[in-house]
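Colleague: Take a look at this one; I'll ask things after.
Only the coordinates and a few stated rules stand behind these numbers; no lab work does. Every value quoted in this text rests on a predicted model; they were computed, and no experiment measured them. As a convention, Cβ positions derive from the backbone with ideal geometry for all residues, glycine included, and neighbour counts pool all protein chains shown.
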Amino acid sequence: MSGVQKTVLITVAVIALVLGAVVAKVNRQVPLDRDVLSNAGIFLFDNPRSLPQVALQSSTEAAWTQQDLIGQWDLLFFGYTFCPDICPTTMADLRAVVQALPKVAQDTLQVTMVSVDPERDTPKQLAEYLGYFNAEFKGVTGEPAELAKLAQALSIAYIPPDTSEENYLVDHSGQVVMINAEGQYVGFIRPPFKAAELSLWLPRIMNP
């Protein structure tokens, strides 16, 4: 091989390396910025948090435990079906977020409403209510002590109601909890929910 040919091969190799580096830089996703995420209402923890064992019941009347949070990403909202304002608004917002997600993200995300009103929110009631928003949304209910255990682990505040009063209301948090595919608590979304921004950032968070 002549000196000229060697020079040409070396030049071509260098150009290929430079082009590869440029393409990699262009394709590399911009790192998630905590300030940008917080402006979208998303707050991520530095380290995922494990969840306690709980024994609840899903809206399909099947047993539901923390193991049901493994294998997909989950958005949990603690509310109740007789809520006059926050809950229907939040569920409608979550429906809009899910609809705006790419198909691959929709397939790996589960939205679940955890009822803080087990007195009235039977599995049947939850299933009927959630069906108005999205047939794929799930509901969870159960004994007050088990619900409180899960809520405490997720830093969700609510005040158990006086069920002796007619048409009672339940004071509860409005944030949505984020659980990763390993069943760990990784952050939360604070209202008001911005569907366009959430649908943009959630796929990035789910697949960093």
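Colleague: When segment 146-160 is examined, which residues are found to be assigned to a loop (DSSP other than H, G, I, E, B) and either surrounded by fewer than 18 Cβ atoms within 10 Å (Cβ to Cβ) or of a type in the set (S, T, N, Q) (or both)?
Modeller: Of all residues in segment 146-160, those assigned to a loop (DSSP other than H, G, I, E, B) come to 154-157, 159-160.
Selection gives 155, 157, 159, 160.
Colleague: Can you name the residue in segment 87-145 that is touching a residue at least 60 places away in the same chain (Cβ under 8 Å) and assigned to a strand (DSSP E or B) and, of all such residues, is farthest from residue 177 (Cα to Cα)?
Modeller: Only one residue fits best here, namely 141.
Colleague: Let me ask you something else. Check segment 37-53 and report whether any residue there is aromatic (Phe, Trp, Tyr) and under 15 Å from the mean Cα position of the chain (by Cα).
Modeller: As a first pass, look at segment 37-53 and keep what is aromatic (Phe, Trp, Tyr): 43, 45.
Now drop any that are not under 15 Å from the mean Cα position of the chain (by Cα), which leaves 43, 45.
Yes, there is a match, as at least one residue in segment 37-53 is aromatic (Phe, Trp, Tyr) and under 15 Å from the mean Cα position of the chain (by Cα).
Colleague: Right, something else. Return yes or no: is residue 173 surrounded by 12 or more Cβ atoms within 10 Å (Cβ to Cβ) and of a type outside the set (Val, Ile, Thr)?
Modeller: Numbers: surrounded by 12 or more Cβ atoms within 10 Å (Cβ to Cβ): yes; of a type outside the set (Val, Ile, Thr): yes.
When the stated conditions are applied, residue 173 passes them.
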